[in-house]
């Protein structure tokens, strides 16, 4: 069987995080959504996404294809119903297309939105769907618990040093090569997963649920409130609460990050802080790209959402419910606006255009530090984003 994860309208609602990836490449819990499906299906997936992303996330078409909604988290009952589909059938719930089985010709129909030829089958399975950026931290606890149970089932954790103070040992799983010393871990409030070669330095205080993915680091004295996910090769310091960092990003110094999502290759300068609660305790609104306006999150706590390759200078401050696009460089005194377009340079006092060639240079240097070379495809994706977001940069 050939598995394809497709994007629906949630791709636009999840911008700027999805400017550089299909929805299924979002990390929530311990794993990316695509990784969850691959492990549950015991097979590889490809992606049906925006044309400009296909150079990095290509589509593989075969004679028999199972299309699965990439914004939906897998559960066993749903997987059973997906596998029961016959060619030409589509699985739906509440007007959400969950899956479809098709041959190569029907796949072409599906790609252009011609779905009338499919036979509809309805499902009553309860599912979790990632529709907006704030869903990522809102559902992170649920996803983290599910991933923890699935990944650790039947396995034995590596031992933890007796220099640590630990509660809820049965809810802690440590992969080989991880290093934890002289810290406090409370897993009675939720599981704590420490990935391969990850490190929790001295003096950290962790209140689960936490996923610290492979090669990630909690620096000395870090305070973590779950549910929080620190993606691979990321470094975190200061205070962090109910947030998700996709990977290869740093919040390495003091400062608060709460109810927030950071993409990849981001860096928060020392003492960068975000507000996650308005002074009047009102419902928080955030920028929505498809509607080109601020919409209600229906949340009282909502912080910062930052796209890939964005950076902040020392002492940067973000208001409640701020969206920062891709390749933005934010610095200076005061609170910048709540919607900072991609390729912005500056802060509260003034914003100018972050030139594309300069963004390439920085991305190349940052990725090289992790022994990863920026590819021509990556540059072309950034160029497309630069062009798509030009209308917002009327500074």
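Structure summary
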read-out	value
Most mobile listed residue (83, 253, 309) in the chain, GNM with C-alpha springs under 10 Å	83
The chain: relative contact order as a whole-number percent, Cα under 8 Å and 6+ apart	10
Separation between Cα centres of the stretch 101-179 and the stretch 316-390, rounded to whole Å	29
382, 41, 218 arranged by Cβ crowding within 10 Å, fewest neighbours leading	41, 382, 218
Percent antiparallel among DSSP beta bridges (both partners in the stretch 241-395, rounded to 5)	30
Compactness of the stretch 2-131, expressed as Rg and Dmax over alpha-carbon positions, Å	13.5, 38
Residue order, fewest to most surrounding Cβ atoms within 10 angstrom, among 260, 9, 124	124, 9, 260
Antiparallel DSSP beta bridges within the stretch 2-131, as percent of all bridges there, nearest 5	45
Beta bridges per DSSP with both ends in the chain, % antiparallel, nearest 5	25
Fluctuation leader among 177, 141, 208 - the chain, Gaussian network, Cα springs under 10 angstrom	177
Likely footprinting exposure, 21, 369, 93, fewest C-beta neighbours within 10 Å first	369, 93, 21
GNM result for the chain, Cα springs below 10 Å: residue of 234, 243, 157 fluctuating most strongly	157
Model label zone, residue 282; criterion: amide N under 13 Å from point 7 Å along Cα-to-beta-carbon; scope the stretch 296-314	296-297
The stretch 2-131, relative contact order [Cα under 8 Å, separation at least 6], %	27
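FYI, it's all coordinate maths here, none of it is from the lab. Quick caveat, the model's predicted, so the values are computed rather than measured. Glycine also receives a Cβ, built like all others from the backbone with ideal geometry; neighbour counts cover every protein chain displayed.
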